[in-house]
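Below you'll find the structure, written out as structure tokens, and then a few comments.
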Amino acid sequence: MTQSDTEAAGLHEFFFLRHGERRDQRDSNWRLTSPTPYDSPLTYHGAIQALLTGQAIAQHSQGTRFVIHTSPFLRCIQTSLALAAALPTRPVLRIDAFLGEWMTPDYYKDIQPPPAMSELVQSARQTIQSLVRKRKLAVEANAEPQNFSSSVLQDSDFPYDPSNVQLDIAWDSQQFGPGGELGEDWPEMHDRVRRGLHRLIDNFDQPTSSNQPRTVVILVSHAAGCNAMLGAVTGRPVLKDVELCSLSHAVARDCPHTHVLSAAAASLSETLSKRSARLSQRYILLMTADSAHLNQEQLDLLPAGKSPLGSACATSPDLEQYSSSWSWIMATALTDECDGA
């Protein structure tokens, strides 16, 4: 491969975000009856947030190949599936332990804590594979999505269109590091996420053919994890109230597509050894926990008891274009009351 046929090594850009709105934020009683109170699903409001975030990523990214790395918690899995519906190409989905929730005991004073991270990862894979089977059966039966009548998504009924993502079954969820253990403090969580992010980025430090599509990485994590990634990219301590589905966008300083860097900054990046450089020397943030893409007027069109596609699409063409695949993400959500529980 000649020099003219290759692109500079390294990941040119990546996005990271917090998951969408959780069910237990809307329904305080959900934890009392759930067998997994530590692992809340999304509300459909949260799933719409994720879809809009996927749309924002598609608008701002420079690449055409997408790889999603997600925390194994259900709310992040569902956020990943939802945002994938808005991407222009089918992304690879990988589950990574290092992106998991901050395991502070304060989160689990009144509820059962999560099991070991390996068990949580396996449960996440089984959930996705089960949804694939359900979707295939529905397609074979020519089933049409039904209007749903709930403000929440059942963790067991979150529909999944297998055309949205390609699950990397063989992916080692601990390749970039382990998840946290109960009792983890704030500095330990930061170190875990920062090390994992460095390893993920190092994984891309090899020359690629200029004819290959440029890869865009999307990391779906939690508020604490996003704080840690912001700190890693800026090189400064960060303690920020990261909103649901707020989006951060990091671009390599030597990426010619940014058009935002000075000649001095570009020269500096060229002299740095990529594997030894701090992330703050290699990347610049174009968005920092930004939520401008979450149109509040659009989200306010989603009252409980009505389909977001039924109510929002009448005035939101941007959502309507995704209705074919999105209907399968949203269609079967029912409340426990609707199920007769």
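The values are calculated or read from the model by the stated rules, or taken from the named source; none is laboratory data. Quick caveat: nothing in here was measured; it's all calculated off a predicted structure. Cβ coordinates were reconstructed from backbone atoms using ideal geometry, including for glycine residues, and neighbour counts include every protein chain displayed.
From 123, 71, which residue is over 14 Å from residue 15 (Cβ atoms), buried (at least 24 other Cβ atoms within 10 Å of the Cβ) and of a type in the set (Gly, Ala, Ser)?
71
Can you tell me which residues in the range 93-117 are in contact with a helix residue (DSSP H, G or I) (Cβ under 8 Å, 6 or more places away or on another chain) and either of a type in the set (A, V, I, L, M) or part of a helix (DSSP H, G or I) (or both)?
93, 95, 97, 98, 99, 103, 111, 117, listed by residue number.
Determine which member of the set 243, 181, 188 is modelled with pLDDT of 90 or more and outside any loop (DSSP other than H, G, I, E, B).
188
Restricting attention to helices (runs of 4 or more DSSP H) lying wholly within the range 1-92, give those where 3 or more residues are aromatic (Phe, Trp, Tyr).
none
Could you list, ordered by first residue, the pairs with Cβ atoms under 9 Å in which the first is in the range 231-251 and at negative phi and the second is in a loop (DSSP other than H, G, I, E, B) and of a type in the set (Gly, Ala, Ser), at least 6 apart or interchain?
Qualifying pairs under 9 Å: 243/291; 244/20; 244/291; 246/291; 247/291; 247/292; 249/61.
Going by the conditions given, is residue 89 among the hydroxyl-bearing types (Ser, Thr, Tyr) and modelled with pLDDT of 95 or more?
no
For the condition touching a Leu at 6+ places or on another chain (Cβ under 6 Å), surrounded by fewer than 20 Cβ atoms within 10 Å (Cβ to Cβ) and of a type outside the set (Asp, Glu), what is the one hit in 58, 116, 86?
Every option except 58 fails the conditions.
So residue 198 passes all but one of these: (1) part of a loop (DSSP other than H, G, I, E, B); (2) of a type outside the set (A, V, I, L, M); (3) at pLDDT 90 or above. Which condition number does it fail?
With (1) part of a loop (DSSP other than H, G, I, E, B); (2) of a type outside the set (A, V, I, L, M); (3) at pLDDT 90 or above applied to residue 198, the lone miss is (1).
Of all residues in the range 239-253, which are surrounded by 13 or more Cβ atoms within 10 Å (Cβ to Cβ) and over 18 Å from residue 220 (Cβ atoms)?
Within the range 239-253, 251, 252, 253 qualify.
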